[in-house]
Amino acid sequence: MMEGYQRMEKGRNSEFSKDKQLDEFRVDNAGEKTTTNQGLRISEDEHSLKAGERGPTLMEDFHFREKMTHFDHERIPERVVHARGFGAHGHFQVYKPMAHLTKARFLQDPSVRTPVFVRFSTVAGSRGSGDTVRDVRGFATKFYTEEGNYDLVGNNIPVFFIQDAMKFPDLIHAVKPEPHNEMPQAASAHDTFWDFVANNTETAHMIMWHLSDRAIPRSYRMMEGFGVHTFRLVNEQGEAHFVKFHWKPVLGVHSLVWDEAQKIAGKDPDFHRRDLYEAIEMGKYPEYELGIQVIKEENEFNFDFDILDPTKLWPEEIVPVQLIGKMILNKNTDNVFAETEQAAFHPGHVVPGIDFSNDPLLQGRLFSYTDTQLIRLGGPNFHEIPINRSITPVHNNQRDGYHRMTINKGQVSYHKNSLAGNSPEPAAPEEGGYQHYQEKVEGRKVQRRSDSFKDHYSQAKLFWNSMSKVEKQHIIEAFRFELGKVKSKDIRAQVVNMFTNVDGYLAEQVAAGLGLEAPPNPDEVSGTFESPALSQENTVKTPDTRKVAILADNGFAAPELNLLLAALEEAGIRGEIISSSLGMIKSNQGDEAEVQHTFLTSSSVEFDAVFVAGGEESANRFKLSKDALDFINEAYKHYKAVGAAGEGVEVLLANGILAPDSDPGIIADRDKEKIRDIAAEFIQAVAQHRHWGRTV
Ligand code: HDD
């Protein structure tokens, strides 16, 4: 048996091992003749076989029947949650050996690149819903390790709505469209969701995140990921540590504003998948560092929260995050259905050195994920679908079932046996056999929750306290929006009452927006503690990979525009020219520039910032163009950087956008000679992401 393990050892996985495996399944039709699924070449693919040119179709037309039958069966059920998602391939590399904490092989050797597949998703919406709705984002990673697949099935929010998996169907029934009229799609702003919240106060902490900017990310490339639960790392000596997993995006954590998010959902429902796809196609590979927080087993009870409670985070200021490796996503899928849609993740897909805790939410998840694939992917052989295959060989006595691909040789499919020399045989831990951590457990069988899970408000308050003024205002507005859409006045009032437990000012502000009076803050939850790591104000700020709309028309000032474009490119920013029609525009000196979008085919909400080019003729047109003025106004309203050079400044003035220097994030100068400075300042302003100091 040692031999088998050594065989695996020899085939040490490389970054390309999964890609090589997938290659065996890829099909390229280029230059080929059309065949049936039986490999028969066909001579006709447009006309069915008929009895006479104007006669009825004949049953005998096997190609027609096969083509139609296959089409009729093309759909599979969408995921019951996280139906809308988008995936990409990449690899992961650890920074240094982690042997002191875990024996997981993919966390030992910094020279090994482990292939990964990641699927990002929204939770509540259907497969065809919008990307930018207010929702939690899924962040599921499959590591194809040399010891089998390891799935880290996380979200972009570090806590969860409920504490016990028993309540998951209830939570999801409440947030999904209401059953009697199937409305609203991909939204939590409706009665059943808020009824659930008001009656299940353990949701309080997660609701604060859900109503914060975290639930409307700017990009999948700019959001964190969290394993949420407490897991265990186990080392070669059998010592275990409690661990929480984090993904930290190298570009920082950034969000949209709510009005913008809603508009994008209509203008470009594919906004997030397009952003990810394009970044990878352009070679701007998204990167995330893997972080861990570690607590020694003996310190399990040293905190004022229960580390098994999934509605609690471990404040980074108390338990620091150690960055232990990096993931780079560098390849789009060839086929979304075959790869992303058929990917099956499961928190129970672990490797030696990674184990579970008794978090009751995690324990329930360990059942649900295999179960759901049986209906969605149509049987127990979904592990044989190319995207789900491990790069290590699979040997066991499981047999048959729908769509079995493996041809298992031999007479024997049971253990133990002598006919096949007792193979396949379980491996000892030294041979890589997974051994569950031998935690000592004692207790009565009860259907109860530990008292240590009863505090529902301290960390909701911690989150609120940690927000900047602007972030707090966004939360208040989100509450007003969500509850404003709730029809039942009673539920509105219940929710306001509930959140008086978090913060009196918050409840008062929400109540005012709803025309209610907030009851006094019961002040049960004291605490002024903060965790600065929770505020997006303190995140990384860089212009890299941002997208800027440049408004230019015939008569634009070419030297300045060229200088600006070059400066943007150097800063990693994509500048795209927007004008009244497609084709080429001519500068005041006859140079040409290509227009990428018109006001009809693009919208301000699809860009991070706007710049108005100089040139008298160009500027004069925009001053009179409602489309151009709307475009600029909307960027201004969404707190984005707005820039202008030369006569472009007149367009901002015509728009009522105040003169330079009087408003943050407005970079404008009539003096074209200063274009280098203008460009540099504008790039800085783009890097800031948004300019909240602006009054709109
Ligand atoms: Fe779940 C999908 C994340 C709680 C049951 N979940 C799913 C996906 C993600 C998460 C990212 C999409 C995977 C993909 O892209 O295919 N889920 C979480 C997190 C949770 C969580 C971070 C709490 C910490 N989930 C949770 C509970 C249950 C489920 C408590 C049930 C007991 N989740 C499922 C599921 C899904 C799923 C029904 C639907 C599709 C799938 O599994 O493959 O089994």
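Coordinate-derived values only; no laboratory data. Not measured: the values here are computed from a predicted model. Ideal geometry is used to build each Cβ from the backbone, glycine not excepted, and the neighbour counts take in all protein chains shown.
So how much slack lies between Phe16 and His436, counting 0.36 nm per residue of separation and subtracting their Cα-Cα distance, in nm?
Taking 0.36 nm per residue and subtracting the Cα distance, the gain is 148.2 nm.
The ranking of Trp314, Trp194 by Cβ neighbour count inside 10 Å, starting from the fewest, reads Trp314, Trp194.
In this rough spin-label picture, where each label sits 7 Å from Cα along the Cβ direction, the Asn358-Asp677 distance is 6.7 nm.
Place a label point 7 angstrom from the Cα of Asn562 along the Cα-to-Cβ direction, then list the residues of the stretch 674-690 whose backbone nitrogen is under 16 Å away. Label zone hits: 675-676. Residues whose amide H comes within less than 5 Å of that of Ile573, counting only those at least five positions distant or on another chain, are Thr545 (H built at 1.01 Å from N in the peptide plane). Each label point was placed 7 Å from the Cα along the Cα-to-Cβ direction; for Val412 and Arg54 their separation is 7.2 nm.
With the contact rule set at Cα under 8 Å and sequence spacing of 6 or more, what percent relative contact order holds for the stretch 135-198?
Values: 62 pairs, mean separation 14.9, N = 64.
Computed value for the stretch 135-198: 23 percent relative contact order.
Looking at the chain, the DSSP beta bridges with both ends there are about 75 percent antiparallel.
Contact order for the stretch 261-374, expressed relative to its length and based on alpha carbon pairs under 8 Å spaced 6+ residues apart, stands at 27 percent. If you model the stretch 457-538 as an ellipsoid using its alpha carbon gyration tensor, with each semi-axis the square root of five times an eigenvalue, the axes come out at 22, 15, 9 Å, biggest first. Evaluated with a Cβ-only charge set (Lys, Arg +1; Asp, Glu -1), the chain carries a dipole of roughly 1240 debye about its Cα centre, given to the nearest 20.
In this Cβ point-charge picture (+1 for Lys and Arg, -1 for Asp and Glu), the stretch 547-687 has a dipole of about 260 debye about its Cα centre. Summing charges over all other residues whose Cβ lies under 13 Å from the Cβ of Asp490, with Lys and Arg as +1 and Asp and Glu as -1, gives +1. Semi-axes of the equivalent ellipsoid of the stretch 534-639 are 25, 17, 11 Å, computed as sqrt(5λ) over the eigenvalues of the C-alpha gyration tensor in descending order. Legend: ranking of residues Met68, Met206 from fewest to most surrounding C-beta atoms inside 10 Å; resulting order Met68, Met206. First select every other residue whose beta carbon is under 11 angstrom from the beta carbon of Asp304; then total the charges, Lys and Arg +1, Asp and Glu -1. Overall, the nearby charge balance is -1. In this Cβ point-charge picture (+1 for Lys and Arg, -1 for Asp and Glu), the stretch 457-538 has a dipole of about 320 debye about its Cα centre.
Positive end of the dipole of the stretch 547-687 (Cβ unit charges, origin at the Cα centre): among Ala593, Leu561, Ile577, the Cα lying farthest that way belongs to Ile577.
Hey, fewest Cβ within 10 Å first, where do Thr545, Thr539 land in order? Working shown, then result.
Details: Thr545 21, Thr539 18.
Lowest count first: Thr539, Thr545.
When the Cα positions of Met208, Val123, Ala428 are compared along the charge dipole of the chain, Ala428 comes out farthest toward the positive end, with charges on each C-beta of Lys, Arg, Asp and Glu. Extension gain, Gln237-Lys96: 0.36 nm per intervening residue step, less the Cα-Cα distance, totals 48.9 nm. For a Förster distance of 30 Å, can you work out the FRET efficiency between the beta-carbons of Met183 and Arg75, rounded to the nearest 0.05? Given R0 = 30 Å and the Cβ-Cβ separation, E is 0.85. Summed over qualifying helices (DSSP H, 4 residues or more, each -39500 (n - 2.57)) and divided by its residue number, the chain shows a 222 nm mean residue ellipticity of -8000 deg cm²/dmol. For the stretch 400-418, list residues with backbone N below 20 Å from a point placed 7 Å from the Cα of Glu66 toward its Cβ? Taking a point 7 Å out along Cα→Cβ of Glu66, the residues of the stretch 400-418 whose backbone N falls under 20 Å are 403-404.
Positive-end ranking of Ile407, Ala104, Ala478 along the dipole of the chain, with charges on Cβ about the Cα centre, is headed by Ile407. Take the Cα of Ser452, step 7 Å toward its Cβ, do the same at Gln473, and the gap between the two points is 4.2 nm. The coefficient of translational diffusion for the chain, derived via Stokes-Einstein from the alpha carbon Kirkwood radius under 25 °C and 0.890 mPa s, stands at 87 µm²/s. Given their separation in residues at 0.36 nm each and the Cα-Cα distance between them, Asn497 and Val294 gain 69.5 nm when the chain is fully extended. Mean separation of Cα pairs under 8 Å and 6 or more residues apart, divided by the residue count, gives the chain a relative contact order of 12 percent.
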